[in-house]
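Student: Pasting a structure here, questions to come.
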Amino acid sequence: MEIITAVRGFKDILPGETERWQFVEETARKIFSDFGFKEIRVPVLEKTELFRRSIGETTDIVEKEMYTFEDRGGESLTLRPEATASVMRAFLEHSLHGGDSVSKLFTFGPMFRRERPQKGRYRQFHQINVELLGSADPLVDAEVIHMLMLFLERVHLKNVNLEINSLGCPGCRPAFRKVLGQFLSQKEKDLCEDCRRRLGTNPLRVFDCKVEGCRAAVSSAPLLIDYICAGCAGHFREVQEGLKVLETGFSLNPRMVRGLDYYTKTTFEVTTKALGAQNAVAGGGRYDRLVKDLGGPEVPGIGFAAGVERLISLLPEGMEGVSRSPDLYVAALGPEAKKIAFRLCNGIRRQGFLAETDYSGRSLKSQMKRSDRLGAGYTLLIGENEIREGKALLRNMKDGSQGSIGLEDAEAQLLSLLKAR
Ligand code: HAM
């Protein structure tokens with residue numbers, strides 16, 4: 001019979017890899033908590049309307065990539081393509097804005113986008129996501145970006161570039177949209193079908209298009225950064241000053257538009273050349289209108305998400321700490337020895353040590369081999385002779401030395417040995 005495999009674009013994370021994931025998550029948890037962020041966990045399934053309203057009807061995500069279905073009750077539901085919208089929904093639903101004036105939240109978890117799978121691009125992928133709500137101060141932008149860069153540094157990610165831009169606000173963006181629309185309509189024949197359609201709906205999206213003709217068309221296009229209002233320009237200047245104070249290097253990328261429509265003012269991306277076409281490790285920005293657009297009060301916000309698969313594929317070897325090996329391996333032969341091993345191993349585990357044994361009845365020799373392969377610290381050998389004599393052979397696997405210990409108080413003896421290690 002053929003085995004059933006995972007869905008295309010969905011992948012398993014296996015032991016050996018999970019240690020890297022734990023290392024990344026623990027590092028994030030520590031740093032974010034030093035900056036005053038608290039964890040929030042939100043569902044992976046939401047009402048479709050939430051993403052339509054927040055990410056934007058004319059984005060690739062909403063137009064083409066969402067896993068949307070009608071559930072048995074006839075309601076349209078969507079597997080979340082990102083976490084920001086869900087965090088905003090939870091923020092409003094539980095009136096978190098009624099508490100402290102600033103809410104600092106982070107969340108980890110899987111996201112779902114039906115893109116064409118390729119290296120660094122999956123249909124289920126994971127994000128480490130941060131949102132700060134309740135402050136419009138540009139220093140907060142600098143602080144959040146600084147925290148992201150610090151996190152990347154602490155997981156030993158090398159050779160990344162921080163690119164920043166300003167996308168203006170509802171005061172200045174519409175005028176630019178018009179200018180850009182006019183410019184691009186002169187080049188309409190060079191644009192792909194999608195971008196021709198976008199001309200009427202969301203011309204800024206053309207900056208994100210990978211088709212050669214469209215890239216050429218925008219290469220000489222007017223840039224939003226030259227059209228933003230004095231307020232947005234001042235904000236952007238202060239963000240840059242803040243980053244300089246925190247010694248966080250960056251470069252300006254006036255063509256970065258981000259793939260989600262909720263951004264205002266500061267946007268940023270962390271890119272690397274090591275990832276090929278999928279070069280963004282993390283991205284984010286300010287979204288001062290989003291909470292209001294979702295029916296809430298006027299609460300400004302800023303956040304980012306890092307793609308965990310991409311991040312992990314870039315980590316240098318050996319940065320994750322080694323996976324845990326048994327402190328003790330009990331090689332037991334025969335039913336009586338098996339019973340002793342069973343009791344002994346579980347007693348040792350209750351004291352916080354990793355004990356391993358084998359109930360398969362394999363020869364002592366093959367159990368010794370397994371102990372070696374697992375990297376055990378000590379191996380205890382219990383066969384019929386040992387039971388008769390009331391003592392077992394203990395081998396130190398590091399230096400090969402061995403001695404015997406009485407079976408009567410084996411657990412206590414082993415524990416004192418393990419504690420002394
Ligand atoms: P995003 O740029 O769409 O932003 O995604 C953030 C990161 O998720 C990307 O930089 C990338 O590393 C990773 N990513 C995205 N799509 C895939 C995929 N198909 N396969 C693997 N990794 C992927 C957001 O999602 C915003 N919600 C970020 C944010 C939070 N903005 C404000 N707050």
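The values are calculated or read from the model by the stated rules, or taken from the named source; none is laboratory data. Everything numeric here is computed off the predicted structure, so don't read it as measured data. Note: ideal-geometry Cβ built from the backbone for every residue, glycine included; neighbour counts use all protein chains shown. The area values use the complete protein model at the heavy-atom level, side chains included, leaving out ligands, DNA and RNA. Shrake-Rupley method; radii C 1.70, N 1.55, O 1.52, S 1.80 Å.
Student: Mind checking which of F32, F51, L79 is farthest towards the positive end of region 15-79's charge dipole, using Cβ charges of +1 (Lys, Arg) and -1 (Asp, Glu) about the Cα centre?
Tutor: Result: F32.
Student: Provide the per-residue ³J(HN,Hα) series for region 148-163, in order, calculated from phi with Karplus coefficients 6.51, -1.76, 1.60 and θ = phi - 60°, each as a whole number of Hz, with x at glycine and proline positions.
Tutor: 4, 5, 5, 4, 5, 5, 5, 8, 6, 7, 10, 6, 10, 10, 9, 10
Student: Pop out the carbon and sulfur fraction of the accessible area of the chain as a percent, whole number, probe 1.4 Å. Walk me through the numbers before you get to the answer.
Tutor: On the way: 10550 of 21070 Å².
After summing per-atom areas, the C and S share lands at 50 percent.
Student: Among S363, G400, A412, which residue has its Cα positioned farthest towards the positive end of the charge dipole of region 328-415, with +1 placed on the Cβ of Lys and Arg, -1 on the Cβ of Asp and Glu, and the dipole taken about the Cα centre?
Tutor: S363
Student: From Cα coordinates alone, what are the radius of gyration and Dmax values for region 1-118 in angstrom?
Tutor: Every Cα atom of region 1-118 included, Rg and Dmax give 17.2, 59 Å.
Student: In square angstrom, what is the accessible area per residue of the chain with a 1.4 angstrom probe? If you can, show how the numbers build up before the last one.
Tutor: Working: 21070 Å² over 421 residues.
Computed with neighbouring chains in place, this is 50 Å² per residue.
Student: While we're here: Tell me the angle of helix 230-245 to the major Cα principal axis of the chain, expressed in degrees between 0 and 90 and rounded to the nearest ten.
Tutor: 30
Student: What are the ³J(HN,Hα) couplings of region 297-306, residue after residue, when phi is run through the Karplus curve with 6.51, -1.76, 1.60 and θ = phi - 60°? Round to Hz, x for glycine and proline.
Tutor: Along region 297-306, the couplings run x, 7, 10, x, x, 8, x, 7, 9, 10 Hz.
Student: Whole-Hz Karplus ³J(HN,Hα) for region 88-98, in order, using 6.51 cos²θ - 1.76 cosθ + 1.60 and θ = phi - 60°, x for Gly and Pro?
Tutor: 5, 4, 5, 4, 6, 4, 9, 6, 5, 5, x
Student: E17 to L150: FRET efficiency via 1/(1 + (r/R0)^6), r the Cβ-Cβ distance, R0 25 Å, to the nearest 0.05?
Tutor: Working: r = 24 Å, r/R0 = 0.97.
The computed FRET efficiency comes out at 0.55.
Student: Provide the convex hull volume over Cα atoms per residue for the chain, in Å³. Show your work: numbers first, answer last.
Tutor: Values: hull volume 88.9 nm³, N = 421.
That works out to 211 Å³ per residue.
Student: Here is a further query. Please enumerate, by chain and number, the lysines with C-alpha under 17 Å from the C-alpha of K30, excluding those fewer than 8 residues away in the same chain.
Tutor: Result set, ordered by chain and number: K38, K104.
Student: Where does the charge balance sit around V140 when Lys and Arg score +1, Asp and Glu -1, over other residues with C-beta under 11 Å from its C-beta? Don't jump to the answer; show the numbers that get you there.
Tutor: Working: positive: K104, R286; negative: D137, D141, E143, E238.
Local net charge: -2.
Student: Pick from G283, G295, G73: which is most flexible by mean-square fluctuation in a GNM of the chain where alpha carbon atoms under 10 Å apart are linked?
Tutor: Fluctuation is largest for G73.
Student: Kindly give Rg over Rh for region 145-303, based on alpha-carbon atoms, with the Kirkwood expression for the hydrodynamic radius.
Tutor: On the way: Rg = 16.5 Å, Rh = 16.8 Å.
Over the Cα atoms of region 145-303, Rg/Rh equals 0.98.
Student: Taking N as the number of residues in region 88-187, what is its Cα Rg relative to 2.2 N^0.38 Å?
Tutor: Rounded to two decimals, the normalised Rg is 1.45.
Student: Also, I was wondering about something else. Counting only helical runs of four or more DSSP H residues, what would the 222 nm mean residue ellipticity of the chain come to if each run contributes -39,500 (n - 2.57) and the total is spread over all its residues? List each step's numbers first, then the result.
Tutor: On the way: 14 runs with 153 residues, N = 421.
It comes out at -11000 deg cm²/dmol, rounded to the nearest 500.
Student: While we're looking at this one, here's another question. Go ahead and run the numbers for FRET between E408 and L45, Cβ-Cβ distance against an R0 of 56 Å, rounding to 0.05.
Tutor: Numbers: r = 57 Å, r/R0 = 1.02.
Here the calculated transfer efficiency is 0.50.
Student: Same structure again: What dipole magnitude, in Debye to the nearest 20, does region 328-415 give about its Cα centre under +1 on Lys/Arg Cβ and -1 on Asp/Glu Cβ? Present the calculation step by step, with values, prior to reporting the outcome.
Tutor: On the way: 14 positive and 11 negative charges, 70 e Å.
In total the dipole reaches around 340 debye.
Student: Below 24 Å, Cα to Cα, which lysines can K338 reach? Residues fewer than 8 away in the same chain don't count.
Tutor: Partners within reach: K365, K369, K391.
Student: Here's another thing I want to ask about it. Of I31, I145, I348, which is the most mobile in a GNM of the chain whose springs link Cα atoms less than 10 angstrom apart?
Tutor: Per the Cα network of the chain with a 10 Å cutoff, I348 tops the list.
Student: As an exercise, take the mean of 1/r over every pair of distinct alpha carbons in region 238-324, invert it, and state the Kirkwood radius in angstroms. Walk me through the numbers on the way to the answer.
Tutor: Details: mean 1/r = 0.0649 Å⁻¹.
Computed over region 238-324, the radius equals 15.4 Å.
Student: Taking the highest mean first, how do the peptides 383-390, 250-257 order by number of other beta carbon atoms within 10 angstrom per residue?
Tutor: Details: 383-390: 14.0, 250-257: 16.1.
Result, highest mean first: 250-257, 383-390.
Student: Another question about this same structure. Relative contact order for the chain: what percent, with Cα pairs under 8 Å and sequence separation of 6 or more? Could the numbers behind the result be given before it?
Tutor: Values: 702 pairs, mean separation 64.2, N = 421.
That works out to 15 percent.
Student: No solvent, one uniform scatterer per C-alpha: report log10 I(q)/I(0) for region 328-415 via the Debye equation at q = 0.22 1/Å, two decimals.
Tutor: Evaluating at q = 0.22 Å⁻¹ gives log10 I(q)/I(0) of -1.08.
Student: Mind checking which lysines have their Cα closer than 21 Å to the Cα of K47? Skip sequence neighbours fewer than 8 apart in that chain.
Tutor: Filter leaves K64, K292.
Student: On to the next question. Of the peptides 99-108, 212-221, how do they stack up when ordered by the mean number of other Cβ atoms within 10 Å, highest first? Let's see the in-between values first.
Tutor: On the way: 99-108: 17.0, 212-221: 15.0.
Top of the packing list down: 99-108, 212-221.
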